[in-house]
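The structure appears below as C-alpha cells.
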C-alpha cells in the first residue's frame, strides 16, 4: 500500500533540504526543491510563498531567479516539528 505524505511532511522535507543539502549557503533553486520534494511546480510555488510569508524561508534573488534558504525561525520550526513527529510516532499517530 502506498503511503502518501502529509502537507506537514512535505514542508518538513523542504525545510530540511534547505538546511542540510546546501553547503554553499546560496540557497536552493525551485528546480532543486521540486526534485528533492518530488512535487509539482505549482504546488511547491504555493508552499514556498507561504513559507516565505511566515518567515520560515528567506527568498534571495540571484541572477534573475529566486533561491530559498532556511531562516532561524525555520530552523526552530523544523526542530519542533521533529520533536512532535517523534512524540506522535511513539503513540502510533501520523501528522
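I'd like the full set of residues that are under 22 Å from residue 7 (Cβ atoms) and either exposed (fewer than 11 other Cβ atoms within 10 Å of the Cβ) or modelled with pLDDT under 90 (or both), limited to region 47-66.
First, the residues of region 47-66 that are under 22 Å from residue 7 (Cβ atoms): 47-59, 66.
53 - this is the single residue of region 47-66 that is under 22 Å from residue 7 (Cβ atoms) and either exposed (fewer than 11 other Cβ atoms within 10 Å of the Cβ) or modelled with pLDDT under 90 (or both).
Scan region 16-25 and give yes if some residue there is closer than 30 Å to residue 93 by Cα, touching a residue at least 60 places away in the same chain (Cβ under 8 Å) and within 11 Å of the chain's Cα centre (by Cα), otherwise no.
Quick first cut of region 16-25, residues closer than 30 Å to residue 93 by Cα only: 16-21.
Still in the list and also touching a residue at least 60 places away in the same chain (Cβ under 8 Å): 16.
Now drop any that are not within 11 Å of the chain's Cα centre (by Cα), which leaves 16.
Within region 16-25, one or more residues are closer than 30 Å to residue 93 by Cα, touching a residue at least 60 places away in the same chain (Cβ under 8 Å) and within 11 Å of the chain's Cα centre (by Cα).
Please enumerate the residues belonging to region 41-65 that are part of a strand (DSSP E or B) and in contact with a helix residue (DSSP H, G or I) (Cβ under 6 Å, 6 or more places away or on another chain).
Quick first cut of region 41-65, residues part of a strand (DSSP E or B) only: 57-62, 65.
Hits for region 41-65 are 57, 59.
Which residue is nearest to the chain's Cα centre (by Cα), if the candidates are limited to region 26-40 and must be within 19 Å of residue 63 (Cβ to Cβ) and not in a loop (DSSP other than H, G, I, E, B)?
33
Out of curiosity, is residue 3 part of a loop (DSSP other than H, G, I, E, B) and exposed (fewer than 15 other Cβ atoms within 10 Å of the Cβ)?
Here the answer is yes, as residue 3 does meet what is asked.
Within region 2-39, which residues are modelled with pLDDT of 90 or more and under 12 Å from residue 67 (Cα atoms)?
If the condition is that a residue be modelled with pLDDT of 90 or more and under 12 Å from residue 67 (Cα atoms), then 18, 28, 29, 30, 31, 32, 33 are the ones that fit.
The values are calculated or read from the model by the stated rules, or taken from the named source; none is laboratory data. What you are looking at is a predicted structure, and each value in this text was computed from that prediction instead of being measured. All Cβ positions, even for glycine, are placed from backbone atoms using ideal geometry, and neighbour counts span all protein chains on display.
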